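A.B. asks: Below is one structure. I have some questions about it.
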Amino acid sequence: VKQVILRSHPNGVPRATDFSVVEAAMPSPADGQVLLKTLWLSLDPMIRLSLDENVITGPTKVRIGDVVFGATVSRVEASRHPDFAVGDYVDGRTGWREYAAIDPKAVPLRKVDASVAPLSTAVGALGMPGQTAHACMIGVGRVAAGETVVISAAAGAVGSLAGQIGKILGARVVGIAGNDAKCAALVKLGFDAAVNYKSPDYAEKLKVACPNGVDCYIENVGGTVTEAVLPLFKYRARMPVCGFIAYYGVGREGPGPDKLPGFMRAVMSKGLEIRGFGGTMVAGPAALKDLAEWVKAGKLKVTETIVEGLDAAPAAFAATFADNDHIGKVMVRVAKDA
Ligand SMILES: NC(=O)c1ccc[n+]([C@@H]2O[C@H](COP(=O)([O-])OP(=O)(O)OC[C@H]3O[C@@H](n4cnc5c(N)ncnc54)[C@H](OP(=O)(O)O)[C@@H]3O)[C@@H](O)[C@H]2O)c1
């Protein structure tokens, strides 16, 4: 059976060649374990932080030769644990592999009800990215009707959901994304405007899209994308720091020049409220109920980019950090549910 291991610690932006797809023996569950067949693998940018030799943050370290860490939706194929039966669906961080023998005490597993929504949503709109989008807009961002909210990496899993939640809340929603096709897709999802940060007049276009200034900026990126937002902040605006993908892989030092003085000035003079957070911790299970209701009512559209087979995972993951056409949650269909 196949699994993906780390071949080399990425230097900056990851490459597909930093990973190897290798064959391993079919695992066999010990007492207290379950044998899982992976159906869906979620490709999350946060995984990048686990791949460095010196991990600066994140839930785990992946060493050379280790199976890459990641969230999956799986089916129980054999069970030696009283709480899990053959045929149950679960999500958990079981890694980039076709089969895994898991002790739920070591790797927590959440049962997934396949009758509620397609299974892939358990690691997308109805899972961690959905909860994170909920936290961005509600728990941390406190976005209110009539406010203007700007979202970076807006065409991604979190951003595409956060923007739609912003519309449910009655806000003006402006997305920032890396090409015109993504911007058009965001407007189709209900965003009021979307701006391509790679266009030469990006900062000017963002200003035009936010005629009343910015009440809340969902930070997913950092760097020059964020710099253009700073002058648009209203007094006492909020800036939930959900992620900082432009800096993943640059360690703590980052490339110069250091723009911190200008940033600190904006924080102080605009009374910015900046708060970092873990989406699942802030949003909790209550958010999953909201998300499921919105999906059922047709208020929240689920957008996914699906790649086929574990072999495709390394290149699709690497593409997250470069030019790509991904819209919504990036998922690997590791196996069909049959
Ligand atoms: N705090 C939490 O609990 C939590 C949970 C989940 C995710 N996150 C964070 O939230 C952010 C979005 O996650 P996601 O799952 O929505 O990601 P995603 O669906 O994989 O989308 C990531 C997108 O970010 C953009 N990007 C990549 N490198 C960039 C750069 N250098 N500058 C500007 N944009 C860049 C790319 O789109 P473009 O074409 O637009 O460049 C890429 O497709 C990430 O920072 C992630 O780490 C945080």
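The values are calculated or read from the model by the stated rules, or taken from the named source; none is laboratory data. None of the values given here were measured: they were computed from a predicted structure. No Cβ is skipped: glycine too gets one built from the backbone with ideal geometry, and neighbour counts run over all protein chains shown. Keep in mind that these areas ignore ligands, DNA and RNA; they rest on the heavy atoms of the full protein, side chains included. Shrake-Rupley method; radii C 1.70, N 1.55, O 1.52, S 1.80 Å.
A.B. asks: Count charges around Val241 for me, please; just the other residues with Cβ under 13 Å from its Cβ, Lys/Arg as +1, Asp/Glu as -1. Walk me through the numbers on the way to the answer.
C.D. replies: On the way: positive: Arg238, Arg275; negative: Glu219, Glu273.
Result for the local shell: 0.
A.B. asks: Turning to a different aspect of this structure: Which of the DSSP-defined H helices in the chain satisfy a minimum axial length of 20 Å, computed from C-alpha atoms, and a minimum mean Kyte-Doolittle hydropathy of -1.0?
C.D. replies: Length and hydropathy pass: 279-296.
A.B. asks: Gain in length, Ala106 to Ala25, computed as 0.36 nm per residue apart minus the alpha-carbon separation, to one decimal in nm?
C.D. replies: 27.1 nm
A.B. asks: In the full protein assembly as shown, how much of Arg97 is accessible to a 1.4 Å probe, in Å² to the nearest 10?
C.D. replies: It works out to around 60 Å².
A.B. asks: Something else: Evaluate the charge dipole of the stretch 98-202 about its Cα centre and quote only its size in Debye, nearest 20, assuming +1 on the Cβ of each Lys and Arg and -1 on the Cβ of each Asp and Glu. Working shown, then result.
C.D. replies: Details: 9 positive and 7 negative charges, 32 e Å.
In total the dipole reaches around 160 debye.
A.B. asks: While we're looking at this one, here's another question. Accessible area, 1.4 Å probe, largest first: how do Val73, Val107, Val21 sort?
C.D. replies: Heavy-atom accessible area, descending, gives Val21, Val107, Val73.
A.B. asks: When only C-alpha pairs under 8 Å and at least 6 residues apart count, what is the relative contact order of the stretch 127-168, in percent?
C.D. replies: Working: 30 pairs, mean separation 20.8, N = 42.
Value for the stretch 127-168: 50 percent.
A.B. asks: Ok, one more. Using alpha carbon centroids, what distance separates the stretch 146-204 and the stretch 78-93, in Å?
C.D. replies: Their Cα centres are 39 Å away from one another.
A.B. asks: Okay, moving on. Based on alpha-carbon centroids, what's the gap between the stretch 1-64 and the stretch 234-303 in Å, whole number please?
C.D. replies: When both Cα centres are located, 26 Å separates them.
A.B. asks: In addition: Cα to Cα, under 26 Å, and not fewer than 8 places away if on the same chain: which lysines meet these conditions relative to Lys2?
C.D. replies: Lys37, Lys61, Lys105, Lys111, Lys329, Lys336
A.B. asks: Which entries of Lys188/Lys234; Lys182/Lys205; Lys167/Lys301; Lys167/Lys296; Lys234/Lys301 show an alpha-carbon separation above 20 angstrom in the structure shown?
C.D. replies: Table pairs above 20 Å Cα-Cα are Lys188/Lys234; Lys234/Lys301.
A.B. asks: Moving to a separate point now. Per residue, how much accessible surface does the chain expose to a 1.4 Å probe? Answer in Å², no decimals.
C.D. replies: Spelled out: the 1.4 Å probe surface of the chain, per residue, equals 45 Å².
A.B. asks: Could you list log10 I(q)/I(0) for the chain at q = 0.07, 0.10, 0.11 Å⁻¹, which the Debye formula gives when each Cα is one point scatterer?
C.D. replies: So the normalised log intensities work out to -0.29, -0.59, -0.71.
A.B. asks: Per DSSP H run of n ≥ 4, the term is -39500 (n - 2.57); total these for the chain, divide by its residue number, and report the mean residue ellipticity at 222 nm rounded to 500 deg cm²/dmol.
C.D. replies: -6500 deg cm²/dmol
A.B. asks: Give the longest segment of the chain that steers clear of GluC sites (Glu not before Pro) in DSSP loops with at most 16 neighbouring Cβ atoms within 10 Å, not counting the sites themselves.
C.D. replies: Longest gap between qualifying sites, sites excluded: 54-252.
A.B. asks: Still on this structure: Going 7 Å from the Cα of Lys61 in the Cα-to-Cβ direction, what parts of the stretch 1-38 have a backbone nitrogen less than 19 Å from that spot?
C.D. replies: Output list for this probe position: 5-12.
A.B. asks: Rounded to the nearest 0.05, what FRET efficiency do Glu308 and Asp83 give with R0 = 45 Å and r taken as the Cβ-Cβ distance? Could you check?
C.D. replies: Plugging the Cβ-Cβ distance into 1/(1 + (r/R0)^6) gives 0.90.
A.B. asks: Give me the percent of the accessible area of the chain that comes from carbon and sulfur atoms, probe 1.4 Å, all protein chains in place.
C.D. replies: With neighbouring chains kept in place, the figure for the chain is 55 percent.
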